[in-house]
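First the structure, in the form of structure tokens, and then the observations on it.
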Amino acid sequence: MTLLTALPIRALRKPALALATVTLLLAVTPAPADDSAAPKPTPVPMVAPRDATIPGGPEGELIQYGRRLLTDTKRLLPDKVGSSMNCTSCHLGEGKVAYGSPFVGISHRFPQYNPRAGRDVTLQERVNGCMQRSMNGTPLASDSHEMKAIIAYMEWLSKDVPSHGQVEGMGIGDVNKKLTPDPVNGQRVYVAQCASCHGANGEGMKDAAGETIFPPLWGEHAFNIGAGMARLFKAATFVKQNMPIGIRLDGRLGQGQVLSDQEALDVAAYFTQQPRPDFAGKDRDWPKGGKPKDARY
Amino acid sequence: MKTARWLAAALAALCSSAVHAAPADPSLVERGAYLARVGDCVACHTAPGQPTFAGGLALDVPYLGRIYSTNITPDREHGIGKYSFEDFDAAMRHGETPDGRRLYPAMPFPSYAKITPEDMRALYAYFMQGVQPVAQANREDEVPWYLSARWPLGIWGYLFADAEPYQSDPQHDAAWNRGAYLVEGLGHCGACHTPRGFALQEKALGSTDGADFLAGSHVGGWFAKSLRGEPSQGLGNWSIEEIVQLLKTGRTRSSAAFGAMTEVIAHSTQHLSDNDLYAMAQYLKSLPAADGSVAAAGTATLRDDGTLAALQAGQYPRAGAAVYVEFCASCHRFDGLGAPRIFPALAGNPSLLGDDTRSLIRVVLEGGRMATTQHDPMAFAMPSLKELNDQEIADVLSFVRNSWGNAARPVQPAEVAEQRRALSALATAQ
């Protein structure tokens with residue numbers, strides 16, 4: 001179960017689905033005992049449609065707007081977003097990158113049980129979860145044009161995926177949680193492999209017009225303590241798969257897979273513990289217990 | 001041929017019995033080591049994973065076949081341990097070895113001919129006393145028999161190679177002359193950057209030979225751009241400081257060397273003294289534009305032409321804009337300026353605007369990694385985006401060549417298809 005709580009899909013009510021996820025992401029972990037006869041959805045290869053194939057007309061305009069909101073969130077929604085970030089600061093490459101928490105297939109997987117909320121949440125609620133925590137902002141109304149656009153884009157991205165919504169590379173992968181993180185080495189890794197872009201003090205980098213080039217990792221413009229990224233294992237997993245970008249000759253962004261599990265944990269232990277904004281709603285999280293041990297509060 | 005070589009070798013061995021080096025002055029050896037860096041001997045004389053200077057690197061010569069660089073360690077049997085100074089000088093300047101072989105001009109002796117006698121002595125001292133001998137036999141070349149006779153190379157050398165040491169030009173100051181000496185001579189920049197003529201000779205070997213010198217050439221699937229004064233495609237818009245930065249660190253605030261140039265920087269120019277780099281840059285900046293018509297073919301002036309505003313507003317009427325936003329903008333950004341010393345700018349970048357688009361297409365197909373140097377903690381890479389089809393690559397390159405003030409002819413899908421074919425042929429040959 002500890003494994004499952006760290007996985008992207010909290011499909012506790014759908015054991016078969018959880019099983020598929022575990023085998024997908026952790027081929028080495030013995031699958032939990034489960035004899036349910038329900039057919040196991042087989043993950044399909046992740047194929048993201050090209051932006052150029054977004055249809056015309058009002059439907060297409062909504063999809064385009066949604067895509068722009070995810071990639072240019074801070075500039076387009078300055079009043080809603082507190083951090084210097086876009087959704088695609090973490091959901092890399094327009095939400096189309098395997099293990100970069102992609103949005104391909106996502107609209108089929110919601111509503112979904114969420115242990116942090118202690119109930120099923122809708123896709124709109126999940127978006128707002130990241131809005132309030134990762135973006136340190138305020139939620140979008142469910143019936144707002146913005147929310148409709150974001151959902152329209154996610155649905156468009158998911159249009160070619162079977163209804164179970166399982167794609168190879170969904171979520172962010174996994175990291176060996178048995179290792180002991182060493183934040184002192186983490187600082188060394190940070191200086192050598194991250195500071196060129198994210199700054200000596202985690203402040204990120206802005207261009208002359210004040211637009212974010214590289215998002216901050218800590219400080220007042222970073223994600224808050226309620227964000228998934230503030231948690232050690234999620235951050236380490238994300239970093240192992242996705243950071244640095246521009247470091248390899250393959251992958252959509254030349255991203256990740258250069259740090260060992262140990263180095264990823266070390267550097268995550270270093271930057272997640274740096275000062276960052278508080279999250280006001282933290283007392284209401286995990287109402288039914290099961291708070292993971294890497295939660296920040 | 002083989003017998004001839006063997007005979008000559010035997011003869012040379014006999015005659016060279018007198019050769020043995022008295023220990024040279026350590027500062028001479030040290031200077032030789034530096035000059036070997038400038039000459040980038042290691043690039044060609046070291047095969048991947050093999051001992052330094054032991055040769056064995058395959059070089060494919062157009063129309064000829066595959067040849068292998070030779071062992072230049074002081075090993076007496078396999079290397080150049082039996083070379084006298086005169087032998088070394090003849091090989092370096094004239095491409096003639098003591099065993100009577102004529103070297104293929106893949107060894108850039110036409111440029112090395114400009115080395116001064118003093119520097120040649122320092123190089124010799126270094127190779128004899130500063131380099132570890134390695135007993136590694138040379139590999140046979142893979143050249144069809146009908147081309148393997150080397151004697152025509154003597155005629156080649158006679159026709160095209162000018163074997164005079166560099167003559168200082170009194171019209172210019174000492175720094176310029178130092179720069180000219182390094183660029184035209186040991187640095188052999190022209191080996192890649194000067195177009196070649198009908199017999200694969202460099203069309204010009206120095207600034208006094210005319211406007212072909214360093215005017216840009218095609219080498220091993222890359223286009224080594226013009227280093228002359230064209231503002232669009234050459235170095236006309238670069239400052240001396242920027243040229244120094246590029247040669248020293250592989251990047252500037254707004255650009256990054258890629259392809260074959262990254263190795264030149266990693267092996268050679270990053271190790272040069274600032275004085276020498278400034279001298280080279282000063283000299284390069286003095287080379288006038290090759291001709292006016294080239295300058296008109298494309299221009300790169302950073303200018304607000306509405307590209308940024310259109311991309312920010314989600315308006316992509318031009319072909320290629322949507323591909324740019326989807327596949328390139330994460331790094332090169334809406335404003336085309338990239339990130340200083342991390343992702344090169346495409347806006348105002350002359351490397352993008354050449355008529356020869358092969359490097360450009362290749363970077364998108366294969367990606368590329370910046371030169372790794374001692375001056376920056378990380379060397380960044382562009383990923384291979386070969387998943388894009390020919391039309392998409394043509395569109396996106398046409399878009400970047402004509403945005404933010406850039407102007408150059410569009411790229412055709414057929415050019416992308418052709419480069420894909422050429423690169424896969426290159427890959428199977430290796």
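The values are calculated or read from the model by the stated rules, or taken from the named source; none is laboratory data. Model, not experiment: these values are computed from the prediction. Note that each Cβ is placed from the backbone with ideal geometry, even for glycine, and that neighbours are counted across all protein chains shown. Remember, those area values only see protein heavy atoms, side chains included, never the ligands or the DNA or RNA. Shrake-Rupley method; radii C 1.70, N 1.55, O 1.52, S 1.80 Å.
A quick yes/no check of all residues on (1) within 27 Å of B:Gly236 (Cα to Cα); (2) over 22 Å from the mean Cα position of the chain (by Cα); (3) touching a residue at least 12 places away in the same chain (Cβ under 8 Å):
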site	(1), (2), (3)
B:Gly354	yes, no, yes
B:Arg358	yes, no, yes
B:Ile361	yes, no, yes
B:Ala371	yes, no, yes
B:Leu385	no, yes, yes
B:Val396	yes, yes, yes
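May I ask you to list the residues in the range A:92-109 that are open to solvent by 30 Å² or more (accessible area, probe 1.4 Å) and either hydrophobic (A, V, I, L, M, F, W, C) or within 14 Å of chain B (Cβ to nearest Cβ) (or both)?
Across the range A:92-109, the qualifying residue is only A:Ala98.
Can you tell me how many residues within the range B:410-428 are open to solvent by less than 50 Å² (accessible area, probe 1.4 Å), more than 20 Å from the chain's Cα centre (by Cα) and farther than 10 Å from B:Thr357 by Cβ?
Final tally of qualifying residues: 2.
Looking only at residues that are at the interface with chain B (Cβ under 10 Å from one of its Cβ atoms) and open to solvent by 40 Å² or more (accessible area, probe 1.4 Å) in the range A:37-70, which one is nearest to B:Phe327 (Cα to Cα)?
Across the range A:37-70, the extreme among qualifying residues is A:Arg50.
Looking at (1) open to solvent by 40 Å² or more (accessible area, probe 1.4 Å); (2) under 16 Å from B:Pro108 (Cβ atoms), which one does B:Ala36 not meet, given that it meets all the others?
Result: B:Ala36 passes all but (1).
If I ask for residues that are over 23 Å from the mean Cα position of the chain (by Cα) and surrounded by fewer than 21 Cβ atoms within 10 Å (Cβ to Cβ), which ones from the range B:103-125 would you list?
Once the filter is applied, which keeps residues that are over 23 Å from the mean Cα position of the chain (by Cα) and surrounded by fewer than 21 Cβ atoms within 10 Å (Cβ to Cβ), the range B:103-125 yields B:Pro117, B:Glu118, B:Arg121.
Looking only at the range A:137-149, decide whether some residue is open to solvent by 30 Å² or more (accessible area, probe 1.4 Å), closer than 30 Å to A:Gly210 by Cβ and either under 18 Å from the mean Cα position of the chain (by Cα) or among the polar types (S, T, N, Q) (or both).
Yes, that holds for at least one residue.
Provide a single number: the residues in the range A:162-217 that are more than 20 Å from A:Asn242 (Cα to Cα) and touching a Gly at 6+ places or on another chain (Cβ under 6 Å).
Within the range A:162-217, residues that are more than 20 Å from A:Asn242 (Cα to Cα) and touching a Gly at 6+ places or on another chain (Cβ under 6 Å) number 1.
Please find, among A:Leu265, A:Leu259, the residue that is touching a residue at least 12 places away in the same chain (Cβ under 8 Å), open to solvent by less than 20 Å² (accessible area, probe 1.4 Å) and either in a loop (DSSP other than H, G, I, E, B) or within 14 Å of chain B (Cβ to nearest Cβ) (or both).
Just one listed residue meets the conditions, A:Leu259.
May I ask you to list pairs of residues, at least six apart or on different chains, whose Cβ atoms are under 6 Å apart, with the first in the range A:72-86 being more than 13 Å from chain B (Cβ to nearest Cβ) and over 16 Å from B:Ala309 (Cα atoms) and the second being open to solvent by 70 Å² or more (accessible area, probe 1.4 Å) and modelled with pLDDT of 95 or more?
Going by the 6 Å Cβ cut-off, the qualifying pairs are A:Ser83/A:His221; A:Ser84/A:His221.
Which numbered condition trips up A:Arg276, out of (1) under 16 Å from the mean Cα position of the chain (by Cα); (2) over 22 Å from B:Ser330 (Cβ atoms)?
(1)
Can you tell me which residue within the range B:378-425, out of those that are in contact with a Lys or Arg (Cβ under 7 Å, 6 or more places away or on another chain), small (Gly, Ala, Ser) and away from chain A (no Cβ under 14 Å), is farthest from B:Leu352 (Cα to Cα)?
Among those that are in contact with a Lys or Arg (Cβ under 7 Å, 6 or more places away or on another chain), small (Gly, Ala, Ser) and away from chain A (no Cβ under 14 Å), it is B:Gly405.
Report, by residue number, each residue of the range B:26-57 that is outside any helix (DSSP H, G or I) and of a type in the set (Val, Ile, Thr).
Correct list: B:Thr46, B:Thr52.
So B:Ala266 fits all but one of (1) within 30 Å of B:Leu423 (Cα to Cα); (2) not in a helix (DSSP H, G or I); what number is the exception?
If we test B:Ala266 against (1) within 30 Å of B:Leu423 (Cα to Cα); (2) not in a helix (DSSP H, G or I), just (2) comes out false.
Has the range B:327-339 got at least one residue that is of a type in the set (A, V, I, L, M), surrounded by fewer than 23 Cβ atoms within 10 Å (Cβ to Cβ) and within 14 Å of chain A (Cβ to nearest Cβ)?
Looking for residues that are of a type in the set (A, V, I, L, M), surrounded by fewer than 23 Cβ atoms within 10 Å (Cβ to Cβ) and within 14 Å of chain A (Cβ to nearest Cβ), one finds at least one in the range B:327-339, hence yes.
Can you name the condition, by its number, that A:Asp294 falls short on among (1) more than 18 Å from A:Pro216 (Cα to Cα); (2) away from chain B (no Cβ under 14 Å); (3) surrounded by 21 or more Cβ atoms within 10 Å (Cβ to Cβ); (4) not basic (Lys, Arg)?
Only one criterion is unmet by A:Asp294, namely (3).
So, in the range A:184-195, how many residues would count as being within 11 Å of chain B (Cβ to nearest Cβ) and touching a residue at least 12 places away in the same chain (Cβ under 8 Å)?
2
Against the conditions (1) closer than 29 Å to B:Arg76 by Cβ; (2) outside any helix (DSSP H, G or I); (3) modelled with pLDDT under 95, where does B:Tyr166 fall short? Just the number, please.
(1)
Would you mind stating whether B:Ser111 is hydroxyl-bearing (Ser, Thr, Tyr), at pLDDT 85 or above, within 22 Å of B:Asp209 (Cβ to Cβ) and touching a His at 6+ places or on another chain (Cβ under 6 Å)?
So B:Ser111 passes the test.
Looking at B:Arg76 and the list (1) open to solvent by 40 Å² or more (accessible area, probe 1.4 Å); (2) modelled with pLDDT of 85 or more; (3) not in a loop (DSSP other than H, G, I, E, B), which single condition is not satisfied?
Going through (1) open to solvent by 40 Å² or more (accessible area, probe 1.4 Å); (2) modelled with pLDDT of 85 or more; (3) not in a loop (DSSP other than H, G, I, E, B) one by one, B:Arg76 breaks only (3).
For A:Gly118, which of the numbered conditions (1) at pLDDT 95 or above; (2) on the phi > 0 side of the Ramachandran plot fails to hold?
A:Gly118 satisfies every listed condition except (1).
Just for the range B:136-163: of the residues that are polar (S, T, N, Q) and at pLDDT 85 or above, which one is surrounded by the most Cβ atoms within 10 Å (Cβ to Cβ)?
Restricting to residues being polar (S, T, N, Q) and at pLDDT 85 or above, the top hit is B:Gln136.
Please specify each residue of the range B:308-328 satisfying the condition of being farther than 17 Å from B:Glu387 by Cβ and either in contact with a His (Cβ under 6 Å, 6 or more places away or on another chain) or touching a residue at least 12 places away in the same chain (Cβ under 8 Å) (or both).
B:Leu308, B:Leu311, B:Gln312, B:Arg318, B:Ala319, B:Ala321
Do you know which residues across the range B:342-376 are within 15 Å of B:Ala414 (Cβ to Cβ) and either outside any loop (DSSP other than H, G, I, E, B) or within 14 Å of chain A (Cβ to nearest Cβ) (or both)?
B:Arg358, B:Leu360, B:Ile361, B:Leu365
Taking the range A:197-245, which residues are closer than 24 Å to B:Leu337 by Cα, more than 14 Å from chain B (Cβ to nearest Cβ) and charged (D, E, K, R)?
Hit for the range A:197-245 is A:Glu203, nothing else.
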